[in-house]
1. Could you tell me which of the residues A:Leu48, A:Leu60, A:Leu19, A:Leu14 is in contact with a Ser or Thr (Cβ under 9 Å, 6 or more places away or on another chain) and surrounded by fewer than 16 Cβ atoms within 10 Å (Cβ to Cβ)?
2. Of the residues B:Asp309, B:Asp300, B:Asp277, only one is outside the structural domain of B:Pro38 (by TED's automatic domain parsing), out of contact with any helix residue (DSSP H, G or I) (no Cβ under 6 Å at 6 or more places or on another chain) and surrounded by fewer than 13 Cβ atoms within 10 Å (Cβ to Cβ); which?
3. Read through the list (1) part of a helix (DSSP H, G or I); (2) among the hydrophobic types (A, V, I, L, M, F, W, C); (3) within 24 Å of B:Met49 (Cα to Cα), then give the number of the only condition that B:Leu157 fails.
4. Tell me whether region B:161-173 contains one or more residues that are hydrophobic (A, V, I, L, M, F, W, C) and within 25 Å of A:Phe190 (Cβ to Cβ).
5. If you go through region B:58-104, how many residues are within 9 Å of chain A (Cβ to nearest Cβ), among the small types (Gly, Ala, Ser) and in a strand (DSSP E or B)?
6. Among the residues of region B:162-216, write down those that are in contact (Cβ under 8 Å) with a residue 60 or more places away in the chain and assigned to a loop (DSSP other than H, G, I, E, B).
7. For region A:142-155, what are the residues that are aliphatic (A, V, I, L, M) and at pLDDT 90 or above?
8. Please find, among A:Gln262, A:Gln271, the residue that is modelled with pLDDT under 90 and either among the acidic types (Asp, Glu) or surrounded by 13 or more Cβ atoms within 10 Å (Cβ to Cβ) (or both).
Amino acid sequence: MTKYISSTINHFILSIGLLIMVVPIWIIFASSTHSSLFINTNGLQFFLGDNFIENYSRVLFKQSGFFNEITALKMFFNSFVMATGIATLSVITSLMAAYGLVYFKVKYATIIFWVIFITLLVPLELRIMPSYIVMSKLNLVNTFAGLILPISASAIATFFFRQFYKSIPDELLEAAKLDGTNSLRFFIDFLIPLSKTMIAAVFIFMFVFGYNQYLWPLIMTTSEQYWTVVMGLKTMYGSISDRFAFVIMSMIPPVIIIIFLQKLFIQGIFQNK
Amino acid sequence: MSFLELQNITKIYPNGTKAVNETSLNIENGEFVVFVGPSGCGKSTLLRMIAGLEDITNGEISLDGNVINNIDPSERDVAMVFQNYALYPHMSVFNNMAYGLKNRGISKEEINNKVNDVAKLLEIDQLLTRKPSMLSGGQRQRVAMGRAIVRNPKIFLFDEPLSNLDAKLRNQMRLEIKRLQRQMGVTSIFVTHDQTEAMTLGDRIVVINNGVVEQVGTPKEIYSKPNTKFVAEFIGSPQMNLFNCKIENGIAHIADIKINLNNSKNIEDASLGIRPDDILISDNGQHTCVANLVEYLGSDMIIYSKIGDQEFSCKLSSKIDLNAGDTFKFDISSTLVHLFDNTTGLRV
């Protein structure tokens, strides 16, 4: 009986939390399916209207920006490329850095690791001038490479992988050695499959991190062709329902990534199964 | 020249600990050798040096005529069964066993045949598609052995592989390992701290203490003629009784008891050892003692008693009626005692 009561209370609390998170998004979504005129006269809406296709297709394909050079669709593409690039490169660099630090007899490996870790204290915003100078000297302004490279190494991901590798028993490496593996094969046949869930978790974190970038793309791009979704959010001057539609669409890519990697992601966060 | 030769092997860890000291050993092809000793005595280090998992500070190891000091473990053609099995958690049982073969570039068909054959031999052919996490301790043990056997290596190395199993399974696996080794005739080295395992498994036993080989011999030699006081104490269960005594003209004085050793030795500080089951208890024995404690083990019982302030135990058939507090008479025969000089620890 007490079990039943506590379960009811738990569900009640969870439901409230869920409502607090979902209702505002729902209101934005519902409102985005009405015409701007209707919202201006009747306020925010809780029920769906019938302008869904009209509003969303207009927003996706409308030429916007200061010089009307870019559509929302292109911004989504840009953001997707940037976020995927950052997530992929972060996973690769941090996997390999952690592998080097844990499995090779690197002198001062611990100190090197802490130096990497300390870079957490130096966010991109703080090193934005030097980063920009380096990128512009490399002629990477207004390129995807310029958007991606300076944020494609993650100290926190290196930290995660390092801790995980340290928890792998040495005997596994020794058994693999006796089975005739070399260091590259051990990395590919063992460490990557074993850290699959961790890779998914890091990928999602870094994807969302990359997707949310605002200041760096703002500085790195002078051409509207490289605008990202977050920059677009700032400069959406359309009608109210257009802006709502844009907001709703801007949430879709991270959500899709999470849906696809959810199972691995949860296992990755709670690694000690 | 022997199949595996260790010459003056020394291992000093970077922190200065000397794990193995000037050890030399010859092992013949097909032999089953057991390294036994207390934990931290260097037996595992020695095994790992043969496998190539530890650097050798000094000395030379040769296998089948080739010096292997600087050969990578992957090219030594040795297989090892680890204490915690070290199965590959993300691979199926089949792939666990096939991995080493794949790395050697053996054809798929041959790998299939070999793995299936070995799986049948070990009765794990039903488990080939499972992951290690879905196996019981005994099954994991079999897979770990299978992984070693399938490669058909020059040497098997076992690093305390039975210590994680419960007592019943341990006895069963012990017999199985012995049977498999006989059947395949592959040179094997087995490391354990359990003297029963050592006695039952080994063709020869190497007793190691503090990084030094104390004695090498067949189980029988080691049991009946221990070279040092350490071996005498370590091998045999219950432990050998060792009495501190003074030997004058072939007579050992233990407290007020005198034992005639039928020789004319004189040792100031000696140990007289006698196995608990070699103490002869009879109604017309020369010496008398009080049984302080009687441990009943079914067919046998162990009596704990004291001569002076030195404790000792005797093992005898539980058919004899003797209870704690009773006095009993016994003899110590000079032919059954082992004498050690306490200053050197060696047999005299």
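1. Matching residue, one of A:Leu48, A:Leu60, A:Leu19, A:Leu14: A:Leu48.
2. The match here is B:Asp309.
3. Here B:Leu157 clears every test but (1).
4. The answer is no, given that none of the residues of region B:161-173 is hydrophobic (A, V, I, L, M, F, W, C) and within 25 Å of A:Phe190 (Cβ to Cβ).
5. Number satisfying all stated conditions: 1.
6. Scanning region B:162-216 gives B:Ser163, B:Asn164, B:Gly185, B:Val186, B:His193, B:Asp194, B:Gly202, B:Asp203, B:Asn210, B:Gly211.
7. Applying the first criterion (aliphatic (A, V, I, L, M)) to region A:142-155 yields A:145, A:147-149, A:151, A:153, A:155.
Once the filter is applied, which keeps residues that are aliphatic (A, V, I, L, M) and at pLDDT 90 or above, region A:142-155 yields A:Ala145, A:Leu147, A:Ile148, A:Leu149, A:Ala155.
8. A:Gln271
The values are calculated or read from the model by the stated rules, or taken from the named source; none is laboratory data. Please read these numbers as outputs of a predicted model, since none were measured by experiment. Backbone-built Cβ (ideal geometry, glycine too); neighbour counts: all protein chains shown.
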